Amino acid sequence: MIALLWPSHNQHETAALWFATHRSQGWATCPLRAAGLVINEGIHLPRKEVDALKAILHNCVRLGPASQNLRAHPDFRAHLLGRISYLATVNSARAEKLRRDFEQIDWSR
């Protein structure tokens, strides 16, 4: 599957030829993960990770960021921004919604 999706892959031509020949016969795959991303009908972060980030941001707004920094990140604010930015590389609309939640956090709490 990866070879089919990445033109620079050394097996891309072989995979593309196979797919062109066999796609009319129907085929199925399970969600494939590469580099921590789910590759199926597009590239996505795993839903579990996005839902966890959404919950953390929601709880930061409600309870304060200190209550959610369970791993004691020395710069929790930058850590959350990094996770949102990573999401933005594959789903900018979802990342923008989470960025709006992030902007509501009171960092003085």
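The values are calculated or read from the model by the stated rules, or taken from the named source; none is laboratory data. Owing to the predicted nature of the structure, the values given are computational and were not obtained by experimental measurement. Here Cβ is always computed from backbone atoms with ideal geometry, including for glycine, and neighbour counts include all displayed protein chains.
Do the conditions hold for E49, that is, is it among the acidic types (D, E), part of a helix (DSSP H, G or I) and either surrounded by 14 or more Cβ atoms within 10 Å (Cβ to Cβ) or touching a residue at least 24 places away in the same chain (Cβ under 8 Å) (or both)? Steps first, answer last, please.
On the way: among the acidic types (D, E): yes; part of a helix (DSSP H, G or I): yes; either surrounded by 14 or more Cβ atoms within 10 Å (Cβ to Cβ) or touching a residue at least 24 places away in the same chain (Cβ under 8 Å) (or both): yes.
So E49 passes the test.
Identify, please: which residue in segment 36-46 is farther than 14 Å from L98 by Cβ and assigned to a loop (DSSP other than H, G, I, E, B) and is, among those, modelled with the lowest pLDDT?
Per the stated criteria, the residue is E41.
Quick one: in segment 74-93, which of the residues that are out of contact with any strand residue (DSSP E or B) (no Cβ under 8 Å at 6 or more places or on another chain) and not in a helix (DSSP H, G or I) is farthest from Q104 (Cα to Cα)?
T89
Give R71, R62 a once-over and let me know the one that is under 30 Å from I105 (Cα atoms), at pLDDT 75 or above, in a helix (DSSP H, G or I) and among the basic types (K, R).
None of the others qualify; the one that does is R62.
Tell me the residue from R23, R33, R83, R77 that is at pLDDT below 95, charged (D, E, K, R) and surrounded by 11 or more Cβ atoms within 10 Å (Cβ to Cβ), please.
Only one candidate qualifies: R33.
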